[in-house]
Amino acid sequence: MLTTAEIKTLRKLLLAWFRQFQRDLPWRRTKDPYAVWISEIMLQQTRVAAVIPYYERFLSRFPNGRALAEAPQEEVLRLWSGLGYYSRARNLQKAAQQILAQHGGQFPQAKDDVMALAGIGPYTGAAILSIAFGAKHAALDGNVARVLARLGAVRGDLRESLRWQLLQRSAVELLDPKSPGDWNQAMMELGAMVCTPRTPQCLLCPVAKFCRARQSGEPEAFPEKRKKRDAVQIVLAAAVFSTPRGQTLLMPPPGNKKVNKPAADDIDTLVSRLWHFPTISVRNDVSAELRDYLLDSLPAGNGKLHLEPLPRIRHAVTYRNITVLPFRIPAAKIPRIPGARSIPLRDFSALPVSNLTRKIARAALLQSTEPAAKLALKP
DNA sequence: AATCCGGGGAC
DNA sequence: GTCCCAGGATT
């Protein structure tokens, strides 16, 4: 436990450090609640470097809540394509529509109203309210939890309910009531830049003298590592149709089916419910199973299918290790399948796709015998 | 309380 | 290869 005087000193030291050394990030140049909101959603479980280009593009395409609320969902997903956790984008637009309908397009300032928005939980609500409105809410995320666990030498799994509540109380106690937004960002910045998971830079830490983990001699021993579930191996086969003009075929986002518990190799889930190559989960004879699947889905009389194996692709999502075996299928024209689209293999920017689909397209391009394709790839 | 959802940079 | 990231929704 820290004394009141120690807490005041700690606040002063950390805030001074933050104000001197903070990174210049795009969302720190504004207090517009809409912009702060977009940044906080994008930053969920996603690193700063990955977010920056998406943030810039998204705000330039959707400058305000109304533009976001009134856009086609596919356009929102298209701007999110590649960032992952696509329910964030779907919830983001839903919340924009809530704000338009219930708050006249103005981002709400009451905590209950903010927490009622789709995709906004305890962390994000506190972050937006403190940063955009200066409200006194402590934001507890993974970075802050680690910093607090080290400051107090907290043992055990931080995500455990009671322990998270303990950390939440610590966060509230330390919160600087004079500048809650800067304080929350300072705690996160410290966690991201100094008090890092593996090798904390205690020599650079402005509050090291208050840190019990440092006093213990092994700060990196906090917090306790959490155990992960065993990985499942999955093998998929994907069809990459290819016309002389460089067009290929993508299947539309799968509709929402009422499956309680999808299998680990459920294709709809693995393609993130976005546009995707014709894909199946395979067991034994890969090309034969893919051929059978295609002959079933294609209109009759499409002739013979020539399947050329492409280099295999590795992709990891949560607990799944996916191997994709792509096949290039030369075709004079793209077969007509209801809902499917013909698009250039070289440019998927018109449709929302996951990075798994991008990887398959890239493998097909690299393998292409067309010289121009290789030249166009490398900048 | 557990599980799931993407993806990749840092180590 | 492993870890985990400015978490939230769902069950």
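Rule-based calculations on the coordinates, nothing more; no lab input. Because the structure is a prediction, the values reported are computed rather than measured. Cβ atoms come from the backbone with ideal geometry, glycine included; neighbour counts cover every protein chain shown.
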Highest GNM mean-square fluctuation among A:Ser87, A:Ser242, A:Ser297, for chain A with Cα springs under 10 Å, belongs to A:Ser297
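Counting other Cβ atoms within 10 Å of each Cβ, which trypsin sites (Lys or Arg not before Pro) in the stretch A:282-322 have at most 14 and sit in a DSSP loop?
Passing both the DSSP loop test and the Cβ count: A:Arg283, A:Lys304, A:Arg312.
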Asserting the computed 222 nm helical MRE of chain A (DSSP H runs at least 4 long, -39500 (n - 2.57) per run, divided by residue count, to nearest 500) equals -13000 deg cm²/dmol
Bounding extents of the stretch A:4-221 in its principal axis frame from Cα atoms, largest first in Å, are 55, 35, 33
Evaluated at 37 °C and 0.692 mPa s, the Stokes-Einstein D of the stretch A:152-233 based on the Kirkwood radius over Cα pairs, in µm²/s, stands at 229
In order over the stretch A:32-42: 3J(HN,Hα) from phi, Karplus 6.51/-1.76/1.60, θ = phi - 60°, whole Hz, x for each Gly or Pro, gives 4, x, 4, 5, 4, 4, 4, 5, 5, 5, 5
Using alpha carbon centers only, the stretch A:9-63 is separated from the stretch A:206-280 by a whole-angstrom value of 25
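Return the loop-located trypsin sites (Lys or Arg not before Pro) in the stretch A:172-254 (DSSP other than H, G, I, E, B) with at most 12 other Cβ atoms within 10 Å of their own Cβ; answer none if there are none.
Numbers: sites: A:Lys178, A:Arg198, A:Lys209, A:Arg212, A:Arg214, A:Lys225, A:Arg226, A:Lys227, A:Lys228, A:Arg229, A:Arg245; in loops: A:Lys178, A:Arg198, A:Lys225, A:Arg226, A:Lys227, A:Lys228, A:Arg229, A:Arg245.
Sparse-neighbourhood loop trypsin sites (Lys or Arg not before Pro): A:Lys178, A:Arg198, A:Lys225, A:Arg226, A:Lys227, A:Lys228, A:Arg229, A:Arg245.
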From fewest to most C-beta neighbours within 10 Å, the residues A:Tyr34, A:Tyr54 line up as A:Tyr54, A:Tyr34
Projected convex hull area of chain A, Cα atoms, direction-averaged, in nm², equals 22.3
Calc'd 3J(HN,Hα), the stretch A:241-254, phi into Karplus 6.51 cos²θ - 1.76 cosθ + 1.60 (θ = phi - 60°), Hz, glycine/Pro = x, comes to 5, 8, 9, x, 8, x, 8, 9, 10, 10, 8, x, x, x
When A:Val286, A:Val154 are arranged by how many other beta-carbons sit within 10 Å of their Cβ, fewest first, they go A:Val286, A:Val154
Output row, site A:Asn355, 7 Å Cα→C-beta label point, backbone N cut-off 17 Å, window the stretch A:20-46, residues A:42-46
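So, R0 is 51 Å and r is the distance between the beta-carbons of A:Thr199 and A:Arg341; what FRET efficiency does that work out to, to 0.05? It would help to have the intermediate numbers written out before the result.
Values: r = 48 Å, r/R0 = 0.93.
It comes out at approximately 0.60.
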Cβ-Cβ cut-off under 14 Å around A:Ala332, Lys and Arg +1, Asp and Glu -1: the net charge is +4
In nm, the gap between the two label points placed 7 Å beyond Cα toward Cβ at A:Ala332 and A:Arg90 is 4.1
Within the set A:Phe277, A:Phe21, A:Phe107, GNM on chain A using Cα springs under 10 Å gives the largest fluctuation to A:Phe21
Out of A:Asn91, A:Asn284, A:Asn64, a Gaussian network model of chain A with alpha-carbon springs under 10 Å gives the largest mean-square fluctuation to A:Asn284
By the Kirkwood definition, with r running over pairs of different Cα atoms, the stretch A:128-179 has a hydrodynamic radius in Å of 11.5
Between A:Gln22 and residues 5 or more places away or on another chain, the pairs with built amide H atoms under 5 Å apart involve none
Scalar couplings 3J(HN,Hα) for the stretch A:110-119 by Karplus 6.51 cos²θ - 1.76 cosθ + 1.60 (θ = phi - 60°), nearest whole Hz, x for Gly and Pro, are 7, 4, 4, 5, 5, 5, 7, 6, 4, x
Dipole check, the stretch A:4-221, charges on Cβ (K,R +1; D,E -1), about Cα centroid: among A:Leu190, A:Leu68, A:Ala96 the Cα furthest to the positive pole belongs to A:Leu190
Listed by chain and number, the residues whose amide H is under 5 Å from that of A:Val232, excluding neighbours fewer than 5 places away on the same chain and using placed H, are A:Arg320, A:Asn321
